[in-house]
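Colleague: For reference, the structure I am asking about is given below.
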Amino acid sequence: MSAEPNQAALRAAWTDMIDALNRARDAVDSAELHAPPVTAQGLAEGYRYLLGFVFSGIERAFFEDPDYPYFRRAIQPLDKATIDNADALYLSASIDGAKSYRVRGRLVPKAPQYIIFEAHSVYAGDTGSLAELAPGGRVVTGLLDTSDLAVDDDGGFEILLAPQRPTDYSGNFIATATADGSKTACFLIARMLFHDWEHEVSPDLHIGQIGNEGGHPAPADPAAAASHMRRVGTIVENQMKFWNEFYDVVLEAHGDKNGDGFTLMPRNALNEPALANPAMGGGQSTNVYSGGVFDLQADEALVIEVVVPVQPAYMGFHLSNLWGESLDYANHTSSLNGFQSEPDPDGTLRYVVAGTDPGVPNWLDAAAHRGGFLTLRWTYSTPPPELPKATVTKVALALAREHLPATTRTVSPEERREQIRVRQEHVQRRYRQY
């Protein structure tokens, strides 16, 4: 049989993929596609951001298979996005919500501070449309976190994923369909949140479709390869389109868009902490979020005071650029969590955001960025009776200490280098390639 029809079909698919990638490229600098204000640094980071979606899009298009799932890194230093949490290992596995799966894991030797599994009907951003934020657009059919995860004496656990819990089953369970059966899950998303970066270790995890153990997927063929290539282009184009529009229109990161004189992500301020909800992009179901945009000159800083009436299971404060990429948290203290932060004697957490080290314990390094996202996260398995509170004051960097308690200690350059050493080693360990 002649190979020419297959060659033509695959070349056509390649062309379609490249065309979609070129349309995605336009989102790097197009105001019509809601790109951030154009700067030299923003353009350089924008092309890197785009290629991050290409990187993940190739893996997703060619290897996501609900019959033979595996946990892939949904976000990592090579493809940061979505205002990602610097403390999180994000994992994703493709599933068919009408079928059943078994997840096996082991927490050794010291588990991350918090773990949550969520079954999602849509992979965030894949539709390319903000309509997925509307009620019923993107649904979490079931979840399980460390507050309810049953673990044996050796740190092992199993989780059953199925449309409904079997009547005779009492173990760990995540529903992959809504109660009325109108929505089924297509992805299992896991988040591992670290506090103690020096000692906490990612768990071993395995997922398999029940009844399909020991089988194997179909071999590659031209029709499948053509479909996968087109899906690469679709994923990248839709992800770029969705998140640009989300930041610009929903979060109003670049200014008031609806003319009400209010921006959801205020400049050099934080919005009121609120429970995660689909209309605001979803996020982790058990989180309380507060966010804003920093916009600082080299001689300016933000002093942020955080009061937390109810102790959370996890807490983190993170900086990101305007593409929603977390800043370089391996080589800079651009994030601090509840373990890494030092409270003042009155229990208040006071942070300084600046591009130059003010020599205080809770410094968040803007890492050569004049602007970007501020994000605070607090995790509660059940909503607390009282939410955290945060206030922001913009000050001259040279006067930042005047806005902190007199007892605030000085961090030496040697101590700061030791902080970075711990961070560098942890990030290499979290994302090791072997």
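The values are calculated or read from the model by the stated rules, or taken from the named source; none is laboratory data. All figures in this text were calculated on a predicted structure; none of them were measured in a lab. Here the Cβ positions follow ideal geometry from the backbone for every residue, glycine too, while neighbour counts run over all protein chains shown. Ligands, DNA and RNA are stripped out before the accessible areas are found, and what is left, the full protein with its side chains, is counted by its heavy atoms. Shrake-Rupley method; radii C 1.70, N 1.55, O 1.52, S 1.80 Å.
Colleague: What are the residues whose amide H is under 5 Å from the amide H of residue 360, where those residues sit 5 or more places off or on another chain and H is modelled from the backbone?
Modeller: 411
Colleague: Can you tell me the accessible area per residue over region 336-434, all protein chains present, probe 1.4 angstrom, in square angstrom?
Modeller: Dividing the accessible area of region 336-434 by its residue count gives 52 Å².
Colleague: In addition: For a Förster distance of 56 Å, can you work out the FRET efficiency between the beta-carbons of residue 12 and residue 410, rounded to the nearest 0.05?
Modeller: The formula returns an efficiency of 0.30 here.
Colleague: Suppose each label sits 7 Å from its Cα in the direction of the beta carbon; what would the residue 260-residue 180 distance come out to in nanometres?
Modeller: 2.8
Colleague: Moving to a separate point now. Suppose a student asked you for the relative contact order of the chain, using Cα pairs under 8 Å spaced at least 6 residues apart; what percent would you report?
Modeller: So the answer I get is 19 percent.
Colleague: Output ³J(HN,Hα) for region 67-74: one whole-Hz value per residue in order, computed from phi by the Karplus curve 6.51 cos²θ - 1.76 cosθ + 1.60 with θ = phi - 60°, and x for Gly and Pro.
Modeller: 7, 9, x, 8, 7, 9, 6, 6
Colleague: Related question: For region 364-434 and region 201-238, what is the separation of their Cα centres, given in Å?
Modeller: 37
Colleague: May I ask you to derive the relative contact order of region 317-434, considering only C-alpha pairs under 8 Å and at least 6 residues apart, and to give it as an integer percent?
Modeller: Reported as a whole number, the value is 30 percent.
Colleague: Starting from the Cα of residue 418, move 7 Å in the Cα-to-Cβ direction to define the label point; list residues of region 339-357 whose amide nitrogen is under 20 Å from there.
Modeller: Hits in region 339-357 for residue 418 at 20 Å: 339-344, 357.
Colleague: Ignoring ligands, DNA and RNA, what percent of the accessible area of the chain is carbon or sulfur (1.4 Å)?
Modeller: Carbon with sulfur: 55 percent of the solvent-accessible area.
Colleague: At what distance in nm do the modelled label points of residue 39 and residue 210 sit from each other, each positioned 7 Å from its Cα along Cα→Cβ?
Modeller: It works out to 5.2 nm between the two label points.
Colleague: Give me the extension gain from residue 433 to residue 220: residue separation times 0.36 nm, minus the current Cα-Cα distance, reported in nm with one decimal.
Modeller: Full-extension gain reported as 74.1 nm.
Colleague: Over the alpha carbons of region 28-152, what is the largest minus smallest coordinate on each principal axis, giving the biggest first in Å?
Modeller: Projected onto the principal axes, the Cα atoms of region 28-152 cover 53, 34, 29 Å.
Colleague: If R₀ is 45 angstrom, what is the calculated FRET efficiency for the pair residue 63 and residue 164, using the beta carbon separation as r and rounding to 0.05?
Modeller: Computed FRET efficiency for residue 63 and residue 164 comes out at 0.95.
Colleague: Right, here's the next one. Report the calculated FRET efficiency for residue 147 and residue 346 (r = Cβ-Cβ distance, R0 = 35 Å), to the nearest 0.05.
Modeller: According to the calculation, E is roughly 0.75.
Colleague: Can you compute the equivalent ellipsoid semi-axes for region 85-182, i.e. the square root of 5 times each eigenvalue of the Cα gyration tensor, sorted largest first and rounded to whole Å?
Modeller: The equivalent ellipsoid of region 85-182 has semi-axes of 25, 19, 10 Å.
Colleague: Got a sec? Which residues in region 42-82 would a label at residue 368 touch, if it sits 7 Å along Cα→Cβ and we count backbone N under 16 Å?
Modeller: 42-49
Colleague: Leaving out ligands and nucleic acids, note down the accessible area per residue over region 187-271 with a 1.4 angstrom probe, in whole Å².
Modeller: So region 187-271 comes to 43 Å² accessible per residue, rounded to a whole number.
Colleague: Can you pick out the pairs among 183/257; 257/394; 241/389; 110/389 whose Cα atoms lie more than 28 Å from each other?
Modeller: 183/257; 241/389; 110/389
Colleague: Restricting everything to alpha-carbon atoms, can you work out Rg to Rh for the chain with a Kirkwood hydrodynamic radius?
Modeller: When Rh is taken as the Kirkwood radius, the ratio is 0.98.
Colleague: Hey, another quick one. Please enumerate, by chain and number, the aspartates and glutamates with C-alpha under 15 Å from the C-alpha of residue 99, excluding those fewer than 8 residues away in the same chain.
Modeller: 65, 67, 213
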